[in-house]
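The values are calculated or read from the model by the stated rules, or taken from the named source; none is laboratory data. Everything numeric in this text was worked out from a predicted model, so none of it was measured. Note that each Cβ is placed from the backbone with ideal geometry, even for glycine, and that neighbours are counted across all protein chains shown. Accessible surface areas use protein heavy atoms only, side chains included; no ligands, DNA or RNA. Shrake-Rupley method; radii C 1.70, N 1.55, O 1.52, S 1.80 Å.
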Amino acid sequence: MRNDDTATGARPEGAQPAPSRLGADLKASRQMASRLRLLVKGDPEPDQQAWATMGQALWEGDPLADDLVAWMHEFGMARAWPLFERALAAPRDLNETTAAPLRQFVCRTAGWPDWVREDLMIEGAQALRGTGLHGMMVLRDAGLMAGYQASAINQTLVMTGSLHKGAQRRVAETTSWWLACTEEGGMAPGGAGFMMTLRVRVMHALVRHQLGHSPKWDAASLGVPVNQLDMQATYLAFSVVQLLSLKTTGVWLSRRESEAVMHLWRYIGWLMGVDERYLCDDEQQGRTLLYQNVLSQASADETSVMLGQALMDEPLQRLYPNLPGLRGRFNKARHLSLVRWFVGSQGMRALGLPATLPWYPLLTMGPFLLRSLVLHAVPGLMPVWRRWAGQRQRDYLKVLMGAHGSPHLTGGAHPAKRQAG
């Protein structure tokens, strides 16, 4: 809101009052968004209607997935989850005897929406594979770590117990999903990224069901668990935030590449359950949505510090094939310098991280920019680079995962048995 003295906007007649977390500390959230504001064209400040829409988004879940999970609990999770897996694998086998919530979920997600352009989807995935290990690093540091400053989103991790399951595992599983989404054919119906995204969507619905029935969940303050506003924040982290973090560390991307990445993540966000009202194809519009979302978020608290410090030490827990101590310490320092570049000194304090200098991005920005320009200028060089960079991403997943893979996301063990945590 332009008036910092109020965090309420005009809401539609009959709508619920916004949860108290909305704009709870506009001074702190403006500080958190101050760097982003410099990169947004025009006036991104939310008017009263936009503010009221964000307030109502905190009350919105994902009806399609929520209906499916309600049926799963009623039918019996041990029996329902295998049926869900079989339906995902063979949607054509669905018939009138299939439970309506399961049939509707699979049928409504089985095909691409009319607005999807397959050529842009493919180009977006290619562009992200071409970012190599640096693309994975900035997504972790600008998307995940910086996002921990939004403390209300952290509450689901705290209340489901995920806070204590290890940052290394969360990074490995998220990376596994991201790579599946960006691999060749990954987001085609039935592709690895497509299947994993739908499983994640149902996991989010399981969390909503679990916490929504918990007396410990303060809905008046937090809204619905894993609500539309917070899902939008996650979607924007993987699209707008990653594009910004790449460009501000020397990775030049063409307008077409940026458009393709935005289009790819618009579809992934839609498949994840983000309502189309909160998605966009245009990067500048995405920056405005991100700025407004950040303004709406609650400021950092003790959960930000717990999560930030756990993620800070995550590089020490990776399964390096050689020199684990040296590589772990170097990667920890390198990640901290990138986080400092993205969040500034005040953000480092909010996350409980030690003071450091942004030495890594300062050293590599020039070489990254030169490499990007050469790759775009020399005909035939980019496809070769993307194959090599994409393979490096896949190889590094082994360092994060080890030899056991990720049954949590690939279907080897259904997440319902783990209480959606």
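What single numbered condition from (1) out of contact with any Phe, Trp or Tyr (no Cβ under 8 Å at 6 or more places or on another chain); (2) without any contact (Cβ under 8 Å) to a residue 60 or more places away in the chain; (3) open to solvent by 20 Å² or more (accessible area, probe 1.4 Å); (4) in a helix (DSSP H, G or I) fails to hold for Thr356?
Thr356 satisfies every listed condition except (4).
Can you work out which of the residues in the range 372-421 that are modelled with pLDDT under 95 and on the phi > 0 side of the Ramachandran plot is surrounded by the most Cβ atoms within 10 Å (Cβ to Cβ)?
Ala420
Give the number of residues within the range 317-349 that are at negative phi and open to solvent by less than 30 Å² (accessible area, probe 1.4 Å).
12
(1) farther than 30 Å from Gln391 by Cβ; (2) open to solvent by less than 30 Å² (accessible area, probe 1.4 Å): which one isn't true of Arg201, the others all being true?
(1)
So which pairs qualify, if the first residue must be in the range 377-390 and assigned to a helix (DSSP H, G or I), the second must be open to solvent by 80 Å² or more (accessible area, probe 1.4 Å) and among the charged types (D, E, K, R), the Cβ gap must be under 8 Å, and the two must be at least 6 apart or on different chains?
As it stands, the answer is none, since no pair meets every condition given.
Please go through the range 272-295 and pick out each residue that is of a type outside the set (D, E, K, R), within 19 Å of Val200 (Cβ to Cβ) and not in a loop (DSSP other than H, G, I, E, B). Working first, answer last.
At the first step, the residues of the range 272-295 found to be of a type outside the set (D, E, K, R) are 272-274, 278-280, 284-286, 288-295.
Narrowing the set further to residues that are within 19 Å of Val200 (Cβ to Cβ) leaves 272-274, 278-279.
Across the range 272-295, the qualifying residues are Met272, Tyr278.
Consider Val158 carefully, then state whether it is open to solvent by 30 Å² or more (accessible area, probe 1.4 Å) and either more than 30 Å from Cys107 (Cβ to Cβ) or in contact with a helix residue (DSSP H, G or I) (Cβ under 6 Å, 6 or more places away or on another chain) (or both). Outline the logic, then answer.
On the way: open to solvent by 30 Å² or more (accessible area, probe 1.4 Å): yes; either more than 30 Å from Cys107 (Cβ to Cβ) or in contact with a helix residue (DSSP H, G or I) (Cβ under 6 Å, 6 or more places away or on another chain) (or both): yes.
Spelling it out, Val158 is indeed open to solvent by 30 Å² or more (accessible area, probe 1.4 Å) and either more than 30 Å from Cys107 (Cβ to Cβ) or in contact with a helix residue (DSSP H, G or I) (Cβ under 6 Å, 6 or more places away or on another chain) (or both).
Inspect the range 91-105 for any residue being modelled with pLDDT of 95 or more, small (Gly, Ala, Ser) and out of contact with any Asp or Glu (no Cβ under 7 Å at 6 or more places or on another chain) and give the result as yes or no.
There is at least one residue in the range 91-105 that is modelled with pLDDT of 95 or more, small (Gly, Ala, Ser) and out of contact with any Asp or Glu (no Cβ under 7 Å at 6 or more places or on another chain).
Return yes or no: is Leu338 within 26 Å of the chain's Cα centre (by Cα) and within 25 Å of Ala125 (Cβ to Cβ)?
Criteria met by Leu338.
Here are Val251, Val240, Val224: which of them is under 27 Å from Glu85 (Cβ atoms) and crowded, with 20+ Cβ neighbours inside 10 Å?
Val224
Tell me the residue from Arg287, Arg277, Arg256 that is closer than 30 Å to Val69 by Cα and of a type outside the set (A, V, I, L, M, F, W, C), please. Step through it out loud before you land on a result.
Working: Arg287 fails: closer than 30 Å to Val69 by Cα; Arg256 fails: closer than 30 Å to Val69 by Cα.
When all the criteria are applied, what remains is Arg277.
Scan the range 41-96 for residues that are outside any helix (DSSP H, G or I) and surrounded by fewer than 19 Cβ atoms within 10 Å (Cβ to Cβ) and jot them down.
Passing the criteria: Lys41, Gly42, Asp43, Glu45, Asp47, Trp59, Glu60, Gly76, Ala90, Leu94, Asn95, Glu96.
Kindly establish whether Gly193 is touching a residue at least 40 places away in the same chain (Cβ under 8 Å), surrounded by 21 or more Cβ atoms within 10 Å (Cβ to Cβ) and not in a helix (DSSP H, G or I). Talk me through it step by step, then tell me what you get.
Details: touching a residue at least 40 places away in the same chain (Cβ under 8 Å): yes; surrounded by 21 or more Cβ atoms within 10 Å (Cβ to Cβ): yes; not in a helix (DSSP H, G or I): no.
So Gly193 fails the test.
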